[in-house]
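So the structure is just underneath, and the comments pick up after that.
The values are calculated or read from the model by the stated rules, or taken from the named source; none is laboratory data. The shown structure was predicted, so the numbers you read here are calculated from the model rather than taken from an experiment. Because the Cβ atoms are built from the backbone with ideal geometry, glycine has one as well, and the counts that use them run over all protein chains shown. Calculation scope for accessible area: heavy atoms of the full protein, side chains included, ligands and nucleic acids excluded. Shrake-Rupley method; radii C 1.70, N 1.55, O 1.52, S 1.80 Å.
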Amino acid sequence: MSADAARAHVLVLGGTTEARRLAEALEHHPSYRVTTSLAGRVSAPVLPPGETRIGGFGGVAGLAGWIVGHDVTHVVDATHPFAERMSFHASEAEALTGVPLLALRRPGWTPGPGDDWTFADSLAGAAALLAQRDARRVFLTTGRMGLHTFAHLTAPWFLVRSVDPPDGPVPPRLEVLLERGPFTLEDERELLARHRIDLLVTKDSGGSATAPKLTAAREAGIPVLVVRRPAVPRGVAEAPSVEAALRWLGA
């Protein structure tokens, strides 16, 4: 039996900071080997340690087949909190294969003293609320894949920051910054001031990597429009941190 075959095989559905940290923790563990799956939406992703695969599985059946075909013993769903389709596919694959699934979901953000937050249940809801506001210069940080939702808004000027250029319909008054995070608090202070931002729109992604923009908005007295997280599969084991995920694995 090869050394790889003797170790438990962890499939990490990745794309987040937590997924990378989990792969780093398991890379040299004597009892585990790790494969991280990335969706392939970024043209030049920063690859985590261990094995990687890029691209979709072809639905639930494809994911279940990959799990069985590659002798996966544990699946950790560490996708973005808004990647709801993949989370439901992982839950259904667990039911088909019997391979245990853990959802590694970082806690969401909560407003603190001095924050001026308004919540929306979806990107479409955020666009509808934005249409009712008198904001003129909007920092839109909901991701390039959802820009079409705001394409009909002609009055505000939008600032968008992403790793790759957006495609598809976009708002007519748009400036794109091609940058890769994380960004420091000083970065975010300077950006909000330089672009004279008067409203921030964001998803409730949670975590610390993109939280400085919220602190900068609070300091500047800028209101924030927050899109709530989508529903998640019920009955799936959950962990709020990489450390908790390692305990679940017994690592």
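Observations on the structure shown:
- For the chain, the longest principal axis of the Cα atoms and the long axis of helix 185-194 meet at an angle of about 30 degrees.
- Per-residue HN-Hα couplings for the range 69-79 [Karplus 6.51, -1.76, 1.60; θ = phi - 60°; Hz; x = Gly/Pro]: x, 10, 6, 6, 9, 8, 10, 10, 7, 10, 6
- When peptides 148-156, 175-183 are ranked by their average number of other Cβ atoms within 10 Å per residue, the highest-first order is 148-156, 175-183.
- Amide H contacts of Lys203: Val227, each under 5 Å away and 5 or more positions distant or on a separate chain (H built 1.01 Å from N in the peptide plane; Pro and chain starts excluded).
- Taking N as the residue count of the range 1-132, its C-alpha radius of gyration divided by 2.2 N^0.38 Å amounts to 1.25.
- Carbon plus sulfur fraction of accessible area for the chain, probe 1.4 Å, in percent: 53
- Residues of the chain: accessible area per residue with a 1.4 Å probe, Å²: 49
- Whole-Hz ³J(HN,Hα) from phi, Karplus 6.51 cos²θ - 1.76 cosθ + 1.60, for the range 59-64, glycine and proline x: x, 4, 4, x, 5, 4
- In degrees, nearest ten, helix 17-26 long axis to first principal axis of the chain (Cα): 20
- Intensity falloff of the range 117-227 expressed as log10 I(q)/I(0), Debye formula with alpha-carbon point scatterers, at q = 0.09, 0.22 Å⁻¹: -0.19, -1.37
- Under a Gaussian network description of the chain, with springs only between Cα atoms under 10 Å, the residue in Ala83, Ala44, Ala211 that fluctuates furthest is Ala44.
- The chain, helix-only ellipticity at 222 nm - DSSP H runs n ≥ 4, -39,500 (n - 2.57), divided by all residues, nearest 500: -8500 deg cm²/dmol
- Rounded to 10°, Cα long-axis angle of helix 123-132 versus longest principal axis of the chain: 10
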